[in-house]
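The values are calculated or read from the model by the stated rules, or taken from the named source; none is laboratory data. Here the structure is a predicted model, which means the values were calculated and not measured. Using ideal geometry, Cβ is built from the backbone for each residue, glycine included, and neighbour counts are taken over all protein chains shown.
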Amino acid sequence: MTTHTPRTKDGLRGDGQAPPDGSPREADTAVRPRRAEISNLEIVDHYFSVAAERLGLRDDIAAVLRSSYREMQVQIPVKLSDGKIHVFSGYRVQHNGARGPYKGGIRFHPEVDLDEIRALASLMTWKTAVVGIPYGGAKGGVNCPAEELTDDELETVARMFVDRVDRLLGPTRDIPAPDVNTNAQTMAWMMDEYGKLHGYSPACVTGKPIALEGSYGREAATGRGLIYLLREVAPRLELTPSTTRLVVQGFGNVGSWAARIAAQLGCRVVGISDAGGAVTNPNGIDVEELYAHVREGGRITEFPNVEPIDPDELLQLECDVFIPAALGGMIHKDNADLLNCRLVIEGANSPTTPAADEILADKGILVVPDVLANAGGVIVSYFEWVQNLQHFRWDEREVNDRLGTIIRKAFREVSARAGDGGSSLRLAAYELGIERVVEAATVRGYIS
Ligand code: NAD
């Protein structure tokens, strides 16, 4: 039996072993921008603490809101193609349920650990409150090397995870969704497994395929939300689509949709990266073609009419908008000064460390924070859940319009608060989220 060891930050497995198929993949050896030493938990905790202090929150109430309501760790033993059983760890953390059922994605990634899941669960509590949808915050994950697993192996991990944590889940309790390295197919397996135990329950997970009561517009929702916010901010910076140059870090669900929708509007995408490398074209990358190329298994660095660059150089590309859409901690104190943009819209969760946040503020770069910017996914997950509870379906236009209404309203509320209090959008968003959770917890009688 092999106990799985998380990878080190350089992308190699911490136990020094070869991946399950015996051969390192390109993604393991590609040069990746160094991530911050500070953890996602420290990042979220820092922003929470500053906002709580500005709100004058009592220490005992802050202690309740800082910690998780429930944390579960489970063993996921899976026999891989090397013939050995590998033991992965699965986590589900329910941070706060004052405002509604727990809600949050599940990621499959070798660096997943309890602290990261705690951080992401707490971020979900503030995010759902900021955009005013009736959910609490949760997150889950399995520390498996998803990019190296076959579909059969991924299915086994997904089903076993649900078997192990199913008592926590349910349409009125806790509703998972996709995140890094999980997608509509993963949610289909999870819904099926949950259904075996509890009967047909499409509202038990969101981000499902359309064939299984998924919602139109869910796959694109996080990227679309980012671009709705770009359009909200653009007049402040006197940007029009034809004058906007974008750089996108990460070309998965969030990054690829953000890049495609921006390009459809007429913006120029001048730089893109993923785990395998980074590319640029100052005249604009053909994003639709690149998307098709990647879907067919191509590497972005082998795409025609782009120049491969070092991933660190991506941050230095001259542009108007930088969208981090990969992992947490990618913009840190040692590289924030390199950014050559006017606006950062955070697609990823916790991409910017507190030290980097200060550097960006000093440089006059406006940051639309994760806790607001990437809420499009959970907003449309909420729509999917609402549709599932009624076994009814809205068309894509209705979904996109409703998404726009909610995320724009949240942006205006956060902006107004930042304007009034002279704080960043991030602190204003945290303050708004914390206030709403405190109010719900108080009227329920959880805190007094
Ligand atoms: P994904 O797995 O679909 O894509 C992740 C992308 O990041 C891939 O292209 C991968 O190659 C790239 N990547 C990984 N390491 C990288 C590195 N070192 N440098 C550059 N690129 C790298 O995941 P996703 O769903 O697009 O999620 C991306 C981020 O957005 C995560 O932080 C996630 O928590 C956040 N997020 C996702 C959603 C959603 O609806 N999927 C919603 C809110 C927030």
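Of the residues making up the range 129-137, one or more are under 14 Å from the mean Cα position of the chain (by Cα) and of a type outside the set (Ser, Thr, Tyr).
Each residue in the range 161-189 was checked for being away from the ligand (no atom under 15 Å from the Cβ) and closer than 15 Å to Gly90 by Cβ, and 11 pass.
For the range 67-101, residues that are within 16 Å of the ligand (Cβ to nearest atom) and of a type in the set (Ser, Thr, Tyr) total 1.
One residue is enough: does the range 424-431 have a residue meeting the conditions surrounded by fewer than 19 Cβ atoms within 10 Å (Cβ to Cβ) and over 14 Å from Ile61 (Cβ atoms)? Looking through the range 424-431, none of the residues is surrounded by fewer than 19 Cβ atoms within 10 Å (Cβ to Cβ) and over 14 Å from Ile61 (Cβ atoms). Just one of the listed residues (Val74, Val50) is assigned to a helix (DSSP H, G or I), more than 16 Å from the chain's Cα centre (by Cα) and among the β-branched types (Val, Ile, Thr), and it is Val50. Pairing each residue of the range 309-332 that is closer than 17 Å to Ser39 by Cα with any residue that is more than 11 Å from the ligand (Cβ to nearest atom) and modelled with pLDDT under 95, provided the two are 6+ apart or on different chains, yields C-beta distances under 6 Å for Gly329/Ala36; His332/Ala36. Being within 23 Å of the chain's Cα centre (by Cα) and of a type in the set (D, E, K, R), is that true of even one residue in the range 300-311? No, the range 300-311 contains no residue that is within 23 Å of the chain's Cα centre (by Cα) and of a type in the set (D, E, K, R).
When residues in the range 307-336 are screened for being surrounded by fewer than 20 Cβ atoms within 10 Å (Cβ to Cβ) and either touching a His at 6+ places or on another chain (Cβ under 6 Å) or β-branched (Val, Ile, Thr) (or both), 1 of them pass.
The helices (runs of 4 or more DSSP H) falling completely within the range 355-448 that include 3 or more residues that are under 30 Å from Ala211 (Cβ atoms) map to 376-390, 396-421. Checking each residue in the range 261-277 for being within 14 Å of Pro324 (Cβ to Cβ) and either surrounded by 22 or more Cβ atoms within 10 Å (Cβ to Cβ) or among the polar types (S, T, N, Q) (or both) picks out Gly271, Ile272, Ser273, Asp274. No other residue among Lys196, Lys208 is of a type in the set (D, E, K, R), out of contact with any Cys (no Cβ under 6 Å at 6 or more places or on another chain), outside the structural domain of Val306 (by TED's automatic domain parsing) and in a helix (DSSP H, G or I) apart from Lys196.
Look through the range 220-258, keep the residues that are free of Cβ contacts under 8 Å to residues at least 40 places away in the same chain and over 18 Å from the mean Cα position of the chain (by Cα), and return whichever of them is surrounded by the most Cβ atoms within 10 Å (Cβ to Cβ).
For the range 220-258, the residue satisfying everything is Ala234.
Filtering the range 202-212 to residues that are surrounded by fewer than 24 Cβ atoms within 10 Å (Cβ to Cβ) and either in contact with a Gly (Cβ under 6 Å, 6 or more places away or on another chain) or under 18 Å from Leu403 (Cβ atoms) (or both) leaves only Ile210.
Any residue in the range 282-293 that is free of Cβ contacts under 8 Å to residues at least 12 places away in the same chain and not basic (Lys, Arg)?
Yes, the range 282-293 contains at least one residue that is free of Cβ contacts under 8 Å to residues at least 12 places away in the same chain and not basic (Lys, Arg).
Every condition in (1) assigned to a helix (DSSP H, G or I); (2) in contact (Cβ under 8 Å) with a residue 60 or more places away in the chain is met by Ala348 except one, and the failing one is (1). Restricting the range 305-344 to residues that are charged (D, E, K, R) and part of a loop (DSSP other than H, G, I, E, B), the residue that is farthest from the ligand (Cβ to nearest atom) is Arg342.
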